[in-house]
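Student: Mind looking over this structure? Questions follow.
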């Protein structure tokens, strides 16, 4: 019993050994967390977005359907944080949302996450038709005045 206790203590203290043990129990499967849809390409089509946890962390996969209903991947986005998040959007708790948050007539993709210190982040992405990719929206890109936000 003492040998098992000592081995467990060494595994807990040594990060390299701990990570090797953890890797033996983890799978490389993708786990779907949530999904949403909207006109993200701004061409009238309903685009589906899936938020999932995979080997690389939390990711988004953007899928567009064609006339035969087959779906193709438009873009994959690996989020910078490793913990899934939820937020209250328009009275509903969600982990993924599509909305025009800055009033420019184009919808943005919103995906909440938490960093390793459990600080929440709202990741915002907008489709760029020139690059045909979703790009992060910077705070300076948002055309929102502080008076547009309301406190309860």
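Values quoted throughout were computed directly from the atomic coordinates according to the rules given, and no laboratory measurement underlies them. Because the structure is a prediction, the values reported are computed rather than measured. Quick reminder, even Gly has a Cβ in these numbers, built from the backbone with ideal geometry, and neighbours come from all protein chains shown.
Student: In nm, give the distance between the simple-model label positions of residue 114 and residue 128, each being 7 Å from the Cα along the Cα-to-Cβ direction.
Tutor: For residue 114 paired with residue 128, the spin-label model returns 3.2 nm.
Student: Classify segment 31-148 as rounded, prolate or oblate from the Cα gyration tensor: take a ≥ b ≥ c as the square roots of its eigenvalues, call it rounded if a/c is under 1.5, otherwise prolate when a/b beats b/c and oblate if not.
Tutor: Oblate, because a/c is 1.5 or more while a/b does not exceed b/c.
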